[in-house]
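The values are calculated or read from the model by the stated rules, or taken from the named source; none is laboratory data. If you're wondering where the values come from, they're calculated on a predicted model, not measured in any experiment. All Cβ positions, even for glycine, are placed from backbone atoms using ideal geometry, and neighbour counts span all protein chains on display.
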Amino acid sequence: MRTITIKPAAITHNLNQVKALAPKSNVLAMVKANAYGHGVAAVLPALQQADGIGVATLREALEARQLGWDKTIGLIEGAFTVDEWQQAIEHDISCVIHHAPQLDWALEQIPPVDSATRMVWIKYNTGMNRLGFNNQTLSSAAKSLHDAGYQLILTTHFANADNQDHPLNAIQIQRFNDMLSTLRQTVSTNIKGSLCNSAGIVNFPEHHHDWVRPGIMLYGSAPVIDQSAYTLNLQPAMEFSAQIIALQTVQAGDAIGYGSRWIAQQDVKTALVSIGYGDGYPRVVNGDAYVSVIDAVNQQRYSCAVIGRVAMDMIVIDVSAVPESSALNSKVILWGDAPHVDEVATHADTIGYELLCRLSVRPNRIQM
Ligand SMILES: *Cc1c(COP(=O)(O)O)cnc(C)c1O
C-alpha cells in the first residue's frame, strides 16, 4: 500500500521544541499548503498549544475556521481583493498588510472593536524584496492603521536565515529592530514584532520578538544548513511508504527502466516498489538515493539503492542485501526516520518543503 502516515505526536513534540527555544514569544504555527502536505485536519489537533496558525490564502483560513480553529489565524499575504478583506472581517482573520491597496481597504472598512481582524501584521521589506512597505512608506502606513484603531505587529521575513553567516541577516535584523523602535517611539509603545521563521528561531535567539512563525521545523525537518533534524531533536511527522510487489534478478549487462539508463554491472537482485512520481516521489533522484526496506518476515531494516528511472507508478530498488525468502511484500520507507525527507530532497536537488507539499492524492493517508 502506498501510504502517508502522519504522526500528530511528533508535531506536538516539535511544537514543544519551538516553545523551549522561544519561551517568551507567541507561536504562529504555519499550516499553509495543507500543513506542508501533512493535512490541516490531521495537524490542527496537535497544535492546540500554539497561539495561532498562519496560512497563505483566504481559502486555507476558512478551511481552518471550518475545522474549528478558534484562535488567531494569520493570513500571511493578506487579502487579495476588497471582497477578501470583507470575508476576513467576517471570519475574524488577522491579515498582513503589505501594500497600498490593502491599506486602503483596511482604512475604508474598519472591523468592529472586538474583531480579531483589528490585529494586523504590517509588512516591512527589509531585504527579501518580495512583499512589504519600504523605509519611506512604512511609518505613515503604520500611523494611519494605528489611528484607525488597529493593533499592529511589525513583521518581515528572512531571505537567508538558514545560513547563519549570510551577510543579509544582520542587515535585515538591524532594519527591523530600528523600524520597530521608531514605531514604538512615534506611533505606539504597544506595537509588537514578528521576525523569525523556523531558521530564525534556531539561528537568532536574540531576535525572537513577540511572535515567532515556525513552519518546517514543526514537521520535523531541519531549517538550518549546519544542523540536522536529529541534532535539533525534531521528529519527522510524516512517513511515506509503499511495498515490494515483485522480485527479479537482472543479468549483468541488462538495463532497467525507461531510457535503459541503469545497466547492471553484475547480476543484481531487484525489487519493484509500488510508488512513483504519480504519488509524489521525485522523478529526478541521483545515484545516492535509497529507501529503507523493512523485511516482511524478520522486520529487519535494510538500506536499498533506487536504480533506474523513477516512473509514474513504480521504482526499482537493489535488494541484493535483503533475504530473498522474505523480501516480497516488505514495507518500503521512501522517507520518514530514514531516509529523512531532507536527505531525499538533497538527492533530488530540492528541499524537503517541496517534497512534502507536492505529494499527490493517490497515497492512502492514515494517522498514527
Ligand atoms: C512559510 C512562512 C514561514 C515559515 O517558514 P519556515 O521556513 O517553514 O519555518 C514564516 N513566515 C512566513 C511569512 C512564511 O511565509
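So here's what we get for this one:
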read-out: Residue among VAL250, VAL224 that is under 21 Å from the mean Cα position of the chain (by Cα), surrounded by fewer than 21 Cβ atoms within 10 Å (Cβ to Cβ) and of a type in the set (Val, Ile, Thr); value: VAL224
read-out: Residue pairs meeting the criteria (Cβ under 7 Å; at least 6 apart or on separate chains; first within 9 Å of ARG118 (Cβ to Cβ), in region 143-154; second of a type in the set (A, V, I, L, M, F, W, C) and surrounded by fewer than 21 Cβ atoms within 10 Å (Cβ to Cβ)); value: GLY149/ILE110; GLN151/MET119
read-out: Qualifying residues in region 18-43 (those that are in contact with a helix residue (DSSP H, G or I) (Cβ under 9 Å, 6 or more places away or on another chain) and more than 14 Å from the ligand (Cβ to nearest atom)) - the one farthest from ASN233 (Cα to Cα); value: ALA41
read-out: Where GLY149 falls short, out of the listed (1) touching a Phe, Trp or Tyr at 6+ places or on another chain (Cβ under 8 Å); (2) closer than 17 Å to ILE97 by Cα; (3) of a type in the set (Gly, Ala, Ser); value: (1)
read-out: Subset of region 212-223 that is under 18 Å from PRO339 (Cα atoms) and assigned to a loop (DSSP other than H, G, I, E, B) - its residue that is nearest to the ligand (Cβ to nearest atom); value: PRO223
read-out: Restricting region 168-182 to residues that are of a type in the set (A, V, I, L, M) and more than 15 Å from ILE122 (Cβ to Cβ), the residue that is surrounded by the most Cβ atoms within 10 Å (Cβ to Cβ); value: ILE173
read-out: Residue satisfying condition, being closer than 17 Å to THR346 by Cα and assigned to a loop (DSSP other than H, G, I, E, B), within set ASN286, ASN329, ASN298; value: ASN286
read-out: Strands (runs of 3 or more DSSP E) enclosed by region 1-96 - at least 2 residues per element that are in the same structural domain as VAL202 (by TED's automatic domain parsing) and within 28 Å of ILE110 (Cβ to Cβ); value: 26-30, 52-55, 72-75
read-out: Number of the condition not met by SER221 [criteria: (1) in contact with a Gly (Cβ under 6 Å, 6 or more places away or on another chain); (2) under 21 Å from TRP121 (Cβ atoms)]; value: (2)
read-out: Matching residues in region 183-211 - criterion: being within 9 Å of the ligand (Cβ to nearest atom) and either closer than 18 Å to ILE122 by Cα or not assigned by TED's automatic domain parsing to the domain that holds ALA142 (or both); value: SER194, CYS196, ASN197
read-out: Single match in GLY257, GLY280, GLY253 (criterion: outside the structural domain of GLY37 (by TED's automatic domain parsing) and in contact (Cβ under 8 Å) with a residue 60 or more places away in the chain); value: GLY280
read-out: Considering residues of region 121-137 that are surrounded by fewer than 16 Cβ atoms within 10 Å (Cβ to Cβ) and of a type in the set (S, T, N, Q) only, the residue nearest to ALA106 (Cα to Cα); value: THR137
read-out: Candidates LEU328, LEU356 - the one that is of a type in the set (A, V, I, L, M) and within 23 Å of VAL250 (Cβ to Cβ); value: LEU328
read-out: Which listed residue is away from the ligand (no atom under 12 Å from the Cβ) and touching a Pro at 6+ places or on another chain (Cβ under 8 Å), from ALA88, ALA79, ALA46, ALA116; value: ALA46
read-out: Breaking point among (1) aliphatic (A, V, I, L, M); (2) surrounded by fewer than 18 Cβ atoms within 10 Å (Cβ to Cβ); (3) over 20 Å from the mean Cα position of the chain (by Cα), for ALA41; value: (3)
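Residue by residue, here is whether (1) farther than 30 Å from ALA46 by Cα; (2) under 27 Å from the mean Cα position of the chain (by Cα); (3) buried (at least 20 other Cβ atoms within 10 Å of the Cβ); (4) within 16 Å of the ligand (Cβ to nearest atom) holds:
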site: VAL293; (1), (2), (3), (4): no, yes, yes, no
site: GLN300; (1), (2), (3), (4): yes, no, no, no
site: MET312; (1), (2), (3), (4): yes, yes, no, no
site: ALA327; (1), (2), (3), (4): yes, no, yes, no
site: ASP349; (1), (2), (3), (4): yes, yes, no, no
site: ILE366; (1), (2), (3), (4): no, yes, no, no
